[in-house]
Amino acid sequence: MKKPSARTIALIFVFAAAAIWGASFVTQRLAGYHMGSFTYNAARFLLGALSLLPVVWFFEKEKPDKVKLKLTWLVGIAGGVAIFFAANLQQFGIVLSNSPTSASEAGFITGLYIIFVPLLGLFLRRKVRPIIWLSAVLAFGGLALISIGPAGISGIQFSDILLVICAVFWAIHILIIDKYVHKISPIRFASAQFFVAAILSIIAAVIFEDITLEGLQGGLMPILFGGIVASGVAYTFQILGQKSLEATLAAIIFSLEALFAAISEAIFLGAVMTPQKYLGGGIIFIGIVLSQLNKSIKKKPPIVP
């Protein structure tokens, strides 16, 4: 029997990572039944940071020089701050939504980060390809179909606005990585940013939320999935997959997490979006894919926990 090629194995790893990240939207919704958003993110990011330590030992055994290590931590702090805002806005958006399909909708709306990256790049005097403007129009058109119901503009939920802002912070996070990805130790950076996001979330949880042992126990499975599987395992899959795949293809596959979010919510929660919202999600996905086509880049795709 012929052994699968390195490219085939890489594709499996990347698809698996996208599927895990998509399913994590459902676990985030479940976590909201037991604990506050800051509490959940504090627990899962702390667990995620710890789960990456063995990966650091395996893939980055050699300790980097002091300059690189210092830069890794500085960028890790910046990335952690961006993740803190992005992840908590995302969690609030999922929890505060009145929609029974909040997880899948959050997946599609969050996917707008791929469109926001080049648009925010304008402020850094980066050129924006014409296809990006078409992608942005399609993406926001799809967003309108998801967010605007029979009640019109007045039916837009506050949670949708939070998710759009969340996508902006994910885009900021990506731009931070884009600038320093070749100057830092990637896995050490990931662990560092998770530690920073966890510390900030712990502080916010202590100030604004009521942390209870009962709540943590009730949301244990979402915490374990979000911390170990969605962070440690999926991030490792991303690293293994990207070794044999071009960055553009990997980025397009990672954008499938929105589709996997919808599938996971339908399977595990029995929630199905309306045809209008599926159409909106499909249009957003088309916009995302278009934004990645004919893109000659050598850098790695976004690192999204």
>> Give me the residue from region 250-285 that is without any contact (Cβ under 8 Å) to a residue 12 or more places away in the chain and more than 14 Å from residue 146 (Cα to Cα) and, out of that set, surrounded by the most Cβ atoms within 10 Å (Cβ to Cβ).
In response: 267
> So is residue 121 over 20 Å from residue 188 (Cβ atoms), open to solvent by less than 80 Å² (accessible area, probe 1.4 Å) and either of a type in the set (Lys, Arg) or within 20 Å of the chain's Cα centre (by Cα) (or both) or not?
Replying inline: yes
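Let's see how each residue does on (1) open to solvent by less than 30 Å² (accessible area, probe 1.4 Å); (2) under 16 Å from residue 109 (Cα atoms); (3) touching a residue at least 40 places away in the same chain (Cβ under 8 Å):
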residue	(1), (2), (3)
135	yes, yes, yes
167	yes, yes, yes
180	no, no, yes
188	no, no, yes
195	no, no, yes
204	yes, no, yes
208	no, no, yes
225	no, no, yes
>> Just checking: which of the helices (runs of 4 or more DSSP H) contained wholly in region 170-276 hold 2 or more residues that are under 26 Å from residue 119 (Cα atoms) and not polar (S, T, N, Q)?
In response: 186-208, 247-254, 257-269
>> With the structure loaded, tell me whether residue 67 is open to solvent by less than 10 Å² (accessible area, probe 1.4 Å), closer than 28 Å to residue 183 by Cβ, at pLDDT below 95 and in a helix (DSSP H, G or I) or whether it fails that test.
In response: no
> If you go through region 73-110 one residue at a time, how many are outside any helix (DSSP H, G or I) and open to solvent by less than 10 Å² (accessible area, probe 1.4 Å)?
Replying inline: 1
> Applying the selection to region 10-39, what residues are part of a helix (DSSP H, G or I) and surrounded by fewer than 15 Cβ atoms within 10 Å (Cβ to Cβ)?
Replying inline: 12
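The values are calculated or read from the model by the stated rules, or taken from the named source; none is laboratory data. Note that the coordinates shown come from a computational prediction; the quantities given were computed from them, not determined experimentally. FYI the Cβ positions are ideal-geometry reconstructions off the backbone, even for glycines, and counts take in every protein chain you see. When the accessible area is computed, the model is the full protein with side chains, heavy atoms only, and any ligands, DNA or RNA have been set aside. Shrake-Rupley method; radii C 1.70, N 1.55, O 1.52, S 1.80 Å.
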